[in-house]
Every structure is written in C-alpha cells, then in structure tokens.
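Take a look at the structure below.
Just so it is clear, none of the values below were taken in a lab; they were calculated from the coordinates. Treat the numbers as computed from the prediction; the structure is a model and nothing was measured. No Cβ is skipped: glycine too gets one built from the backbone with ideal geometry, and neighbour counts run over all protein chains shown.
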Amino acid sequence: MQEQLKKPHIKGTMIDLRMARESDWDAYYTFLHDAEMNRLTGSQTDFTREAIEAWIHKISVINDDRVDFMIILKETDELLGEVVLNEIDPVNRSANIRIGMQGSQHRGKGYGSEAMLHMLRYGFDTLKLHRIHLGVYAFNPRAIHVYEKLGFQREGIERDALYLDGKFHDMITMAMLEDEFRALYGAE
Ligand SMILES: CC(C)(COP(=O)(O)OP(=O)(O)OC[C@H]1O[C@@H](n2cnc3c(N)ncnc32)[C@H](O)[C@@H]1OP(=O)(O)O)[C@@H](O)C(=O)NCCC(=O)NCCS
C-alpha cells in the first residue's frame, strides 16, 4: 500500500503513467535531447550524464513539491515523455502542470491529451488540489489547442517571457480550478 502511494501507476487507454526507473536512462536522455520538444518548451539546458542519473533517481518517487510521471505507450512500452505537477503549494492547494513528448511520430495521436487528463485527475482527486496552472509559449498552437480543449481557461500573457532564436516570445498563462474540472469530467 505504502509503495503504491509512493510509486503510483496509472493505467490508461493508449498510455500508462508511471514513476521513472533507472532503466529509463537511455529513453529519458533521448527525450531530453529532442530538439523540437526543447524549442516548444523553451528548454535551453544541456544536462550531463551525472545530472540525468541524479534527476531520474529523484523523480523515481513522489516528492513533496512535485510528481513526475513518465508517459508510456502501452502498445510498445516506449517512454514517450513526461507529464509533471511541480511547484505544489499545499497552502493554496495549487500546482503547475507541464508536459513534453519526444518524437514527431508520437504527436497528434491523442497521447498528450490522455496523459494531461490522467494527471489532472490525479491532481484534483488524489492530491486534492484546487488550482492547476500552466504556461505555454504563443508559438505553440497545438499545445494551446490541447489545453483549451481540455478546459483550461486563459488567464493572461507574460510578455516577452522567453528569448529564443534571437527573439522574445510571449507566454500565455492558463489554469483550471477543481469545480471546472468536476463540471467537465465528474467526480472520482
Ligand atoms: C503538446 C503535446 C503534449 C500535445 O500532445 P499530442 O499527443 O501531440 O496532442 P493530441 O494528439 O492529444 O492533440 C492534438 C490536438 O491539437 C490539434 N493540433 C495539431 N496541430 C495544431 C496546430 N498547429 N494548431 C492548432 N491545433 C493543432 C490536433 O488537431 C488535435 O486536436 P483535436 O484533439 O481537437 O483533434 C505534444 O504535442 C508535445 O509534447 N509537444 C512537444 C512539447 C510541447 O509542446 N509541450 C507543451 C509545452 S507548453
């Protein structure tokens, strides 16, 4: 029981969500070096082997301030990417959500929407969050579409939040509240 709380495994339709394992290193390295994903998430850090090992170790269990799920394609057992609740704030019952998947062949097949929905349910039902928020760059219309389709509301714009490829880019902020989630998807 304790193990299930620390290492939850969510079984979905097309994808599963599970904690990271040491054996994920190669797939996680490939994921972290996906150029298109890094552009769309604004990630500009190059991680060393040691840093990746230490990071996988950290996220192989639930932490107080973050839950990192690996997105696993059920059909092939491939690690597609991750969906994360971080900046968990127990006082205000809020958290940030973010998602990334490697490989253009995996995008646009519904896996990201399904992973987001499982994570939202985990956040609202299991962690009892009240608010889940995110930031998405204005040059990422697919992610914006997915978030709005799932029911996120636009809240604002952080102007020129990212400097990439010689230009500044806006970040759109969005959030979903627990009542909005229940109205769309029902109770547990
Ligand atoms: C964003 C991401 C998680 C979405 O997951 P996905 O599995 O590719 O998306 P889905 O297949 O579930 O849904 C894609 C939807 O976007 C729509 N879409 C695709 N390209 C689009 C575009 N250029 N403009 C608007 N909508 C678009 C599709 O039609 C589909 O909509 P529908 O479900 O209403 O038919 C995934 O593409 C990804 O990891 N991208 C790279 C990293 C990233 O952008 N992360 C988000 C950072 S905020």
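Annotations
- The Rg/Rh ratio for the chain is 0.94, where Rg is the radius of gyration of the alpha carbons and Rh is the Kirkwood radius.
- On the beta carbon distance between R154 and D179, with R0 = 22 Å, the FRET formula returns roughly 0.80.
- In plain terms, the residue of D68, D16 with the fewest other Cβ atoms within 10 Å comes first and the most crowded comes last, giving D16, D68.
- Inter-site label distance for R142 and D89 at 7 Å from Cα along Cβ, in nm: 3.1
- Ranking of M70, M174 by neighbouring Cβ atoms within 10 Å, starting from the fewest: M174, M70.
- Selection from L150, I56, Y28 lying farthest towards where the dipole of the stretch 25-168 points positive, charges on Cβ: L150
- Taking every C-alpha pair closer than 8 Å and separated by at least 6 residues, the mean separation divided by the residue count of the chain gives a relative contact order of 17 percent.
- Helix-only arithmetic for the chain: the sum of -39500 (n - 2.57) across DSSP H runs with n ≥ 4, divided by the residue total, places the mean residue ellipticity at 222 nm at -8500 deg cm²/dmol.
- Dividing the radius of gyration of the alpha carbons in the stretch 1-78 by their Kirkwood radius gives 0.98 for Rg/Rh.
- Cubic angstrom per residue, convex hull over Cα atoms of the stretch 77-188: 120
- Each of Y122, Y163, Y147 was scored by other Cβ atoms within 10 Å of its Cβ. Listed from fewest to most, they are Y163, Y122, Y147.
- Built amide H within the under 5 Å cut-off of K74, gap 5+: I15, D16
- Coil-residue GluC sites (Glu not before Pro) of the stretch 1-108, DSSP, other Cβ within 10 Å capped at 14: E75
- Kirkwood Rh, Cα atoms: Rg over Rh of the stretch 125-188: 1.08
- Charge tally around A187: other residues with Cβ under 15 Å, Lys/Arg +1 each, Asp/Glu -1 each, net -2.
- Net +/- balance of residues flanking L129 in space, Cβ distance below 15 Å, scoring K and R +1, D and E -1: -2
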